[in-house]
Amino acid sequence: MKIVNFTPGLGNQIFEFIFSEYLRKKYPNHSIYGYYNPKFLNEKHNGLEVHKMFDIQIPPANCLSNAMAFFCRASSRFIPCVKTTEMRYSESAIYFDGWWQDKKFFLDTVNEINFRIPKLDEINSKLVDLITSE
């Protein structure tokens, strides 16, 4: 089991998603989960939004993965191998908390990600029409 923490901000979330895909490919015999803490996600930006803006399927979450993520966050001071942050990537880690902005994580995945065409409200639709006609 490997769990990737998703944080606020679309940019962070796309890197976290790409890293979860990297883990899925690197460890095909492991289950890859996402940790989507609503308290942290809803503090800033627009919450969890990466799956709304891109045609992707985010890693699943369940009671066990959420409990493990909570335990890893709480015990990270005492058990360093269970939590990996930033670019300190550990093969034995269970819980990954960082932004993972390194091309080695996304070179095999970035071409598989497609942007979803957002549905615009009437005002924004008229603005797009105006911009394209000018």
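Return only the number of the condition from (1) modelled with pLDDT under 85; (2) within 20 Å of TYR27 (Cα to Cα); (3) outside any loop (DSSP other than H, G, I, E, B); (4) among the small types (Gly, Ala, Ser) that ALA74 does not satisfy.
With respect to (1) modelled with pLDDT under 85; (2) within 20 Å of TYR27 (Cα to Cα); (3) outside any loop (DSSP other than H, G, I, E, B); (4) among the small types (Gly, Ala, Ser), ALA74 is out only on (2).
List, please: which pairs have Cβ atoms under 6 Å, are six or more places apart or on different chains, and start with a residue in segment 101-127 that is assigned to a helix (DSSP H, G or I) and end with one that is open to solvent by less than 100 Å² (accessible area, probe 1.4 Å) and not hydroxyl-bearing (Ser, Thr, Tyr)?
PHE105/ILE18; PHE105/PHE19; PHE106/ILE18
From (1) open to solvent by less than 30 Å² (accessible area, probe 1.4 Å); (2) modelled with pLDDT under 95, pick out the condition that doesn't hold for GLY34.
(2)
A quick yes/no check of all residues on (1) in contact with a Cys (Cβ under 6 Å, 6 or more places away or on another chain); (2) within 23 Å of ILE117 (Cβ to Cβ); (3) open to solvent by 40 Å² or more (accessible area, probe 1.4 Å):
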{"residue": "VAL4", "(1), (2), (3)": "no, no, no"}
{"residue": "PRO28", "(1), (2), (3)": "no, no, yes"}
{"residue": "LYS44", "(1), (2), (3)": "no, no, yes"}
{"residue": "LYS52", "(1), (2), (3)": "no, yes, yes"}
{"residue": "CYS63", "(1), (2), (3)": "no, no, yes"}
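Failed condition for GLY47, given (1) under 23 Å from LYS104 (Cα atoms); (2) touching a Pro at 6+ places or on another chain (Cβ under 9 Å); (3) in a loop (DSSP other than H, G, I, E, B), with all others met?
It fails just one condition, (1).
Between residues in segment 85-100 that are under 21 Å from PHE40 (Cβ atoms) and hydroxyl-bearing (Ser, Thr, Tyr) and residues that are in a strand (DSSP E or B) and modelled with pLDDT under 75, which pairs lie under 8 Å by C-beta distance while being six or more apart or on different chains?
So the pair list comes out as TYR95/LYS83; TYR95/THR84.
Could we say that LYS26 is over 13 Å from the mean Cα position of the chain (by Cα) and under 19 Å from GLN101 (Cα atoms) here? Break it down into steps so the answer makes sense when it comes.
Working: over 13 Å from the mean Cα position of the chain (by Cα): yes; under 19 Å from GLN101 (Cα atoms): yes.
It is true that LYS26 is over 13 Å from the mean Cα position of the chain (by Cα) and under 19 Å from GLN101 (Cα atoms).
The values are calculated or read from the model by the stated rules, or taken from the named source; none is laboratory data. Fair warning: this is a prediction, and the values are worked out from it, not measured in the lab. Cβ sites come from the backbone with ideal geometry, for glycine too, and all protein chains shown count toward neighbours. The area values use the complete protein model at the heavy-atom level, side chains included, leaving out ligands, DNA and RNA. Shrake-Rupley method; radii C 1.70, N 1.55, O 1.52, S 1.80 Å.
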